[in-house]
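Accompanying notes for the structure given below.
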Amino acid sequence: MSYTLGVDIGTFESKGVLVDGSGSIVAQATRSHEMIVPRPGWAEHNADEDWWGDFVLITRELLATSRINPKAIKAIGCSAIGPCMLPVDADGNALMNGVLYGVDNRASMEVEELTSQIGENVLVEQCGNALTSQSVGPKILWLKRNRPDLFAKTAKIHTSTTYIMNKLTERCVIDHYTAANFSPLYLIEKNGWSTALCDSIIGPEMLPDIHWSTEIVGEVTSAAAAETGLAAGTAVITGTIDAAAEAVSVGVASHGEMMLMYGSTIFIIMPTDKRIADPRLWYAPWLFEKQHASMAGLATSGTLTHWFRDQFARELSSKEAFPILVQEAAESPPGARGLVMLPYFSGERTPIHDASAKGTLLGMNLTHKRGDIFRALLEGIALGTGHVIETYRDLGHQPQSFFAVGGGTKNKVWSQATSDVIGAPQIVREKTIGASYGDAFLAAVAVGDAKLSDIEDWNPRKETIQPIAENANVYNKQFEIFKRLYNQTNDLMRALDQSI
């Protein structure tokens, strides 16, 4: 019997899975860590502890739990949060904490400046994306300007998967899907790095080599084997960002199929038959050559539920907190008894791309309870998701099917509100472990032990969350208020920035 191993490094939690050739899970492992927030609008991880450290501990636990011979593992796949920005020295050592994806908006000034210099239309045409807090290029420029001492020591810029691959194989690699988020340094027609749009950030020699996600790019080194317990010489694939691996895990593969990932953020992916060029959304080559993908994402989702728990349910243990909060939210009717929340606690990504956006709660009175507010929070995330889906529909790209995945799918109030807001059913697969399972599947594809269509057998459909027709009127009204609330207060949000 042969196996493949998948590990995913998330915002708050890392997961690993060991599967056999039929996709059955042999062992699972989980490890929690914190997101570091040094100041409002910043988000970081310790690369050695949270990325490589989690990978090592999870791999050792999987091997100990399963008791299989490490030599029976044919290939390893890894995914992680992204796109991230981490400067490393000539020996591959991290020079600072890793700067996270779009939830970190420290480079807002650089985003505005580069957009003005290059032009948004040029960026969308040549890079596939407007510059936003999701873009790595402006964050590298921020590093160069604000930490010149560190930049002087920088040999390479890594993202999270690059750092793990470098520790595992001594190769410095990144997949095309992730690299496309390094705007304005990745040109989609070239499928590679270029300084044609801006030569003031860094040169291509300081960036990883680019490969497709299922390419075998190296082998586990002797040093990495000693740390992880893996067998030296085990094949390692390029890997990808967690959301892409999550989409693979639930069978999203064709035009019109859309993944809704309920994680620390809501992340949305839809493979397309041609490029969708619109500054409100993101574009990247899909994981396989000559395929496209359109993406979107909120800035705070699961992160926001953790914040609420930590601030307003301190008397509850970590084990009982969410079940009790969800039950309280279920006792509040759809519409949360007249409350509407903007979930913009770390600014917002798609479709408004506004780093100054603020969390807002409208409609409070003295009769409201904690459950009403928590329901408004969950509905606010659902309404933000609806705003993204509306954008796709306005562009003439109506999703034909929705596949829900991630820990948030266990929150029935949240997932039901989402189906009610978007007016469509969501399909949930049997295995909801997510990206790590997708990593193991991609590793199996890479070594010829599986075909992409085999995911239907690996992970069958379990249930469908149908929209409740009688809730449509409530959420249609809430949705219009949600959009108007942002449009009528965004100038006040910016004024607050100036007063801090």
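Taking 0.36 nm per residue of sequence separation and removing the Cα-Cα distance, the residue 125/residue 462 pair yields an extension gain of 117.3 nm.
When only Cα pairs under 8 Å and 6 or more residues apart are kept, what is the percent relative contact order across the range 3-244?
Relative contact order for the range 3-244 comes out at 21 percent.
When each of 429, 375, 393 is scored by the number of other beta-carbon atoms lying within 10 Å, the sequence from fewest to most is 393, 429, 375. If you take the Cα centroid of the range 390-436 and the Cα centroid of the range 282-351, the two points sit 13 Å apart. With each label modelled as a point 7 angstrom along the Cα→C-beta vector, the residue 216-residue 484 pair spans 6.1 nm.
With only the Cα atoms considered, the chain has a convex hull volume of 139 Å³ per residue. Legend: calculated FRET efficiency, residue 37 to residue 145, from the Cβ-Cβ distance at R0 = 22 Å, rounded to 0.05, equals 0.55.
Across the range 337-391, Cα pairs under 8 Å and at least six residues apart give a relative contact order of 42 percent. Compared with the rule-of-thumb size 2.2 N^0.38 Å for a compact globular protein, the range 1-156 has a Cα radius of gyration ratio of 1.26. Highest mean packing comes first when the peptides 84-93, 253-262 are listed by Cβ atoms within 10 Å, giving 253-262, 84-93.
Computed over neighbours whose Cβ is under 10 Å from that of residue 430, the net charge equals +3, Lys and Arg +1, Asp and Glu -1. Secondary structure note: in the chain, about 70% of the DSSP beta bridges are antiparallel. Evaluated with a Cβ-only charge set (Lys, Arg +1; Asp, Glu -1), the range 3-244 carries a dipole of roughly 380 debye about its Cα centre, given to the nearest 20.
By the rule of a C-alpha distance below 19 Å, with chain neighbours fewer than 8 residues away ignored, the lysines paired with residue 412 are 319, 431, 462.
Across every direction, the projection of the convex hull enclosing the Cα atoms of the range 108-202 has a mean area of 6.1 nm².
The Cα center of the range 17-79 and the Cα center of the range 240-276 differ in position by 21 Å. Projecting the Cα atoms of 340, 193, 442 onto the charge dipole of the chain (Cβ charges, centred on the Cα centre) puts 340 farthest toward the positive pole.
The residues packed around residue 29, meaning those with a beta-carbon under 9 Å from its beta-carbon, carry a net charge of +2 if Lys and Arg are +1 and Asp and Glu are -1.
Below 8 Å, C-alpha to C-alpha, sequence gap of six or more: please give me the relative contact order for the chain in percent. Dividing the mean separation by the residue count of the chain yields 16 percent. Counting other Cβ atoms within 10 Å as a rough exposure proxy, the listed residues 308, 441, 182 run 308, 182, 441 from fewest neighbours to most. Checking every one of the trypsin sites (Lys or Arg not before Pro) in the range 443-496 against DSSP loop status and a limit of 16 other Cβ atoms within 10 Å picks out 451. Note on 248, 236, 220, 474: ascending count of other Cβ atoms within 10 Å places them as 474, 220, 236, 248, the fewest first.
Applying the Karplus relation 6.51 cos²θ - 1.76 cosθ + 1.60 with θ = phi - 60° to the range 215-222 yields 3J(HN,Hα) values of 6, 7, 9, x, 10, 4, 7, 4 Hz, where x marks Gly and Pro. For the range 368-447, a crude dipole built from +1 on the beta carbon of Lys and Arg and -1 on the beta carbon of Asp and Glu, taken about the Cα centre, is about 320 debye to the nearest 20. Of all DSSP beta bridges confined to the range 3-244, the antiparallel ones make up roughly 65%.
With a cut-off of 15 Å between beta carbons, the residues surrounding residue 102 carry a summed charge of -2, where Lys and Arg count +1 and Asp and Glu -1.
Throughout, read-outs are computed from the coordinates displayed, never taken from laboratory work. Predicted, not measured: the structure shown is a model, and the values here were computed from it. Positions of Cβ are backbone-derived with ideal geometry, glycine not excepted, and every protein chain shown enters the neighbour counts.
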